[in-house]
1. Measure out, as a whole number of angstrom, how far apart the alpha-carbon centroids of the stretch 16-64 and the stretch 83-113 sit.
2. Sort out for me the Cα centre separation of the stretch 247-305 from the stretch 120-178, rounded to whole Å.
3. For the chain, what is the calculated [θ] at 222 nm in deg cm²/dmol (nearest 500), taking -39500 (n - 2.57) for each run of four or more DSSP H residues and dividing by its residue count?
4. For Gly165, what residues show an amide H to amide H distance below 5 Å, using hydrogens built from the backbone and excluding near sequence neighbours?
5. Only bridges with both residues in the chain count here: give the DSSP antiparallel percent, nearest 5.
6. In whole Å, what are the Cα extents of the stretch 1-94 along the three principal axes, biggest one first?
7. Of the cross-linked pairs Lys130/Lys419; Lys54/Lys296; Lys33/Lys101, which ones have a Cα-Cα span greater than 32 Å in the structure shown?
8. Contour minus end-to-end for Asn234 and Gln388, with contour as 0.36 nm per residue of separation and end-to-end as the Cα-Cα distance?
Amino acid sequence: MKKPNILIIGSGIAALQLARQIQDQFYVRIITKNKITSSNSYLAQGGIAAPIGKNDRIEDHYLDTLAAGRYHQAEDLVNRLINDGKRVIEALVKEGAPFDKDGDGNLSLGMEGAHSANRILHSGGDQTGKFLVNYLLGTLTNEVDFIEEEMVCELMKDNKGTCCGVKTKNEEGTIRTYYASHVVLATEGIGGLYSSTSNHPSVSGDGMALAFLAGAKLADMEFIQFHPTLLWMNGKTHGLISEAVRGEGATLINDRGERIMENVDPLLELAPRHIVAERIYQQRLAGREVFLDISKIKNFQVKFPSISTLFSEQKISIEKGKIPVSPGCHFMMGGILTDDVGRTNVPGLYAIGEVACSGVHGANRLASNSLLEGLVYGVRLGNYLIEQGENCSNHHLMHVEQKNRKPITHMGFQPHELKERMMKSVGIIRFEDELNTHLNWLKSHPFTLNENIDSASPEQIKIYFMWIVSMLITQSALLRTESRGGHIRSDFPEENNEIWLKRKIILQKQENQLRVKFHEQNETKVYA
Ligand code: SIN
């Protein structure tokens, strides 16, 4: 009997883990707008957090995760993530995934910011993403088909409102449609919306825009993590310097030689990321240069081969040990609202990995919990889909074309302009006037939420999607009148538990979900 189809959009860790989980039961098609390995996952230097060390405990990893996320999570989902994560990692270790070991053959477990124990697994030193992606790719059979360099530009729904496929476009402008029993978005985050980012430049929120246009709910779009240490050269950032480098003892100093994290947080350089990033940002705003002092790390090149390559490409001396750094956009905690297996509110449409707001990261993600999330939700959604089997059939007869849509006839703006504005107005530190300036600039462009993308170029579609996601982030940032985790407001500098945490708890009790607000068409509604 012919197997039902699954479409997975995106090719990072969550996508590949799902594909291998379901490949015996489904015919799986992975679609990516780039090459299979052009993902954030592939770039990941830092590793995967799991409480598998002898002196570690599930409860400690759980508490560290809640603290980093500033208690904005759904606690039961965090608990399940850590428990399932431990099992998923143990299974990967058992089947021979290439995790680094120490001289005695034990897994070597590194330290990263805001963790209370050594629990970070790595592969190939600082090449965890690359090694793991290659490992997962090696486990896929011929039942998994890859389509590269086709951008998904629309999610298709049938006359019952069930997502039943996607429309794609390639660089030549050819449109193709693919039908499926289930459609999974695993398109990662939004780093490409900012001028400074650790992300693959193509990762600019497509999945969120697609889902939004298809009627899916999005949440927590204001919570964006800025990584403290991106290499800073010639007025721009040049890739990530993993937190594992600080875990190995690197310190942060300014051009006066002062250790800038002293008297800021008891964890110093290993404080939660938003605290370190804000400190570096403030120092730079005050005219100070900031450096990572790596002089005390022995065997740097052996421990961090890909970072060493980055340094030599930029002609930076490891021996001198002073590496110029600046923060940049790293991870989106919000996204498409999903339940514990990755279902969205649109039947037939799922989201896993960074594109999803699954409720496990809260206001700020604990370092190295993201690959863990991708691996866990890949398995969970896989098991769920296997139970479901085929969702609906003969979609091609049922697909409803949306009428009365006007073709996009303009470019709107150049991507670099949006990225610079996002960095300035919706970046590490935000305030009302600047957020409104950006919102008004966005509104001055004549996009609507009813554009017909068929005749638009891939570049126009990309800009249109960037506009949508930028709008959602800015509206969300305006709405949250407090500072929490990855959302820092200079006009509301404190966490306001009285209003915001209480609101979360009441809503969770009422609705049994994390949903504080969601976006619907061109409006952000607050449900509280
Ligand atoms: C890093 O290596 O610093 C990044 C790891 C992560 O974001 O989880």
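1. Centre-to-centre (Cα) distance: 13 Å.
2. Spelled out, the Cα-based centre of one part sits 37 Å from the other.
3. Helices in the chain give a 222 nm mean residue ellipticity of -10000 deg cm²/dmol.
4. Long-range HN contacts for Gly165: Met156, Ala180.
5. Among the beta bridges of the chain, antiparallel pairing accounts for roughly 65 percent.
6. For the stretch 1-94, the Cα spread along each principal axis is 47, 31, 28 Å.
7. Lys33/Lys101
8. 50.1 nm
A short reminder: the numbers here are calculations on the coordinates, not readings from a lab. These figures come from a predicted structure and were not determined experimentally. So basically every Cβ, Gly included, is an ideal-geometry build from the backbone, and we count neighbours across all protein chains shown.
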